[in-house]
Amino acid sequence: MHLAVIGLSHRTAPVEIRERLSIPEQTMEVSLQQLRADDQVLEASILSTCNRLEIYTLLRHPELGISAVGSFLSRHSGLGVAELEPHLFTFHHEEAVAHLLRVSAGLDSLVLGEGQILSQVKKMVRLGQEHRSVGPILNRLMNQAVSTGKRVRTETNLGTGAVSISSAAVELAQLKVGQARGLDQLVSLEDEQVAVVGAGRMARLLLQHLAAKGCRGVVLLNRTVQRAEQMAADFPALPVQCRPISDLDHCLSTCSLVFTSTAADEPIIDATRLGPLNRRSSLMLVDIGVPRNIASDVSGLAGVQRYDVDDLQEVVNRNQEARREMAQEAEAMLAEEARLFLEWWDGLEAVPVLNRLRRQLEDIRESELQKALSRMGPDLSSRERKVVEALSKGIINKILHNPVTQLRAPQSRPQRHANIRALSELFDLHEASDEV
Ligand SMILES: NC(=O)c1ccc[n+]([C@@H]2O[C@H](COP(=O)([O-])OP(=O)(O)OC[C@H]3O[C@@H](n4cnc5c(N)ncnc54)[C@H](OP(=O)(O)O)[C@@H]3O)[C@@H](O)[C@H]2O)c1
């Protein structure tokens, strides 16, 4: 069995590719079933976020399994394997474990140490369990990733400072408004007419950061106005006007800064919609949706500046240095957690061979016991029979004690594999299929 992760992220693929692979929660069950339908895929779990699509999997055979997952990604995205391949990464075994722990700790995030990724890893665990696509190995790994993510955030300073994609989006707007005024610095948003489209988790964080950055008021548009109103009630110090999303055109005409953060799977703003509107002379659009909420064709319209999640890199680079130092504190913790998982997994590799050894010894014990009992004749009392039987069992358990303890004890992988091989050879324990 082979552990691997195959995927792409903001490090390897632009948003126009990532959005083709995004898998919303509603279709996750079907995707997991499709993956598991392949004979090569023993366990599978999918992490789909705005910045990554990663498939963690236990494969029967590394090359055949990875090719099966590659075909799934190609079918799902509608992109050819050759077109997709330059954007994909594959990590095996120890590297796959280390990668998931880094992701869960927020060390692989665009905004280093952001907290949302841990909730997304938890969601992956829940969906994998609900849809029964994971077994003992991935279950253990993913739970370890969640506890590692929590540990890093409580035992280091990485989780402090409430950083997120939303905070970076607000900073990007502050930077761009500043640059439009000829300043290369973050400026207050107090003079901007601001709208936020969407009232989900990211919109909530947008409101939090807008309030903190001096914004004087926000128009909050959502499909379900009631949800927007409930959210607005949590920001008593920030004047929030809640409107239905049908007021979007009016908002695009009157506002100077619009953030979009909906989970719509198609753009809700494009050049055809925006072009004919009687707008202000300049309109800044910051889109954190993936798939994107704003089509790229609006960038061609006069006075319109459009930014998406990939543009956040500019602000992220400005304040990553301090966080990078904090991230180093977490690295030792990750190495320790990875070692714990790998030790557990390595110990598991010995289970099939130990099971076969136990069965073999048990068969010998049973047949020798029967021979001995028949030689002893019918006069043997039931108590004497029990004593002989217990003696035979005791001998087997004593013989098994050392190999079981040795093979389960912490040791290097080559050492453990050499021990497993030696035991298999000496007792002729080879079998076509190994069970864990
Ligand atoms: N969660 C993260 O960490 C994160 C990070 C970066 C970017 N993003 C991206 O940000 C977007 C929002 O994520 P979220 O976590 O805030 O989602 P969420 O909490 O599930 O909220 C989804 C929002 O989208 C609205 N919506 C859904 N379908 C829509 C449609 N067809 N038309 C208009 N509105 C629609 C919902 O409106 P109703 O209330 O009416 O249902 C709700 O306001 C997603 O594209 C996501 O990929 C998320």
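Kindly evaluate residue 288 against the criterion of being within 30 Å of residue 254 (Cα to Cα), within 16 Å of the ligand (Cβ to nearest atom) and in contact (Cβ under 8 Å) with a residue 40 or more places away in the chain.
The answer is yes for residue 288.
If we keep just the residues of the stretch 291-303 that are crowded, with 19+ Cβ neighbours inside 10 Å and more than 10 Å from the ligand (Cβ to nearest atom), which is nearest to residue 10 (Cα to Cα)? Applying the filter and picking the extreme gives 294.
So for the stretch 82-104 (the condition being within 16 Å of the ligand (Cβ to nearest atom), under 11 Å from the mean Cα position of the chain (by Cα) and not in a helix (DSSP H, G or I)), does at least one residue qualify? For the stretch 82-104, residues within 16 Å of the ligand (Cβ to nearest atom), under 11 Å from the mean Cα position of the chain (by Cα) and not in a helix (DSSP H, G or I): absent.
Could you go through the stretch 132-144 and let me know if any residue there is over 29 Å from residue 336 (Cβ atoms), at pLDDT 95 or above and outside any helix (DSSP H, G or I). Yes, some residue in the stretch 132-144 is over 29 Å from residue 336 (Cβ atoms), at pLDDT 95 or above and outside any helix (DSSP H, G or I).
Against the list (1) within 23 Å of residue 302 (Cβ to Cβ); (2) out of contact with any strand residue (DSSP E or B) (no Cβ under 9 Å at 6 or more places or on another chain); (3) more than 14 Å from the ligand (Cβ to nearest atom), the condition residue 186 fails is (1).
Name every residue in the stretch 260-278 that is away from the ligand (no atom under 13 Å from the Cβ) and buried (at least 19 other Cβ atoms within 10 Å of the Cβ), in order of residue number. Residue satisfying the conditions is 274 alone.
Filtering 65, 70 for residues that are more than 16 Å from the ligand (Cβ to nearest atom), more than 26 Å from residue 164 (Cβ to Cβ) and buried (at least 22 other Cβ atoms within 10 Å of the Cβ) leaves a single hit, 65.
Consider only pairs whose beta carbons are under 7 Å apart and that are at least six residues apart or on different chains; among these, list those whose first residue lies in the stretch 190-204 and is farther than 13 Å from residue 227 by Cβ and whose second residue is surrounded by fewer than 23 Cβ atoms within 10 Å (Cβ to Cβ) and of a type in the set (Ser, Thr, Tyr). Every condition considered, the pairs that remain are 192/256; 193/254; 193/256.
Hey, does the stretch 267-280 have a residue that's part of a loop (DSSP other than H, G, I, E, B), polar (S, T, N, Q) and either under 18 Å from residue 222 (Cα atoms) or in the same structural domain as residue 51 (by TED's automatic domain parsing) (or both)? I'd like the intermediate steps shown before the answer.
Filtering the stretch 267-280 down to residues part of a loop (DSSP other than H, G, I, E, B) leaves 267-268, 270, 275-280.
Adding the requirement that they be polar (S, T, N, Q) leaves 278.
With either under 18 Å from residue 222 (Cα atoms) or in the same structural domain as residue 51 (by TED's automatic domain parsing) (or both) added as a condition, the list becomes none.
No, the stretch 267-280 contains no residue that is part of a loop (DSSP other than H, G, I, E, B), polar (S, T, N, Q) and either under 18 Å from residue 222 (Cα atoms) or in the same structural domain as residue 51 (by TED's automatic domain parsing) (or both).
Take the conditions closer than 21 Å to residue 289 by Cα, within 16 Å of the ligand (Cβ to nearest atom) and free of Cβ contacts under 8 Å to residues at least 60 places away in the same chain and apply them to residue 172. Does it pass? Answer is no for this residue.
The values are calculated or read from the model by the stated rules, or taken from the named source; none is laboratory data. Nothing here was measured: the structure is a model prediction, and the numbers come from that model. With ideal geometry, Cβ positions are generated from the backbone for all residues, glycine too; neighbour counts draw on all protein chains shown.
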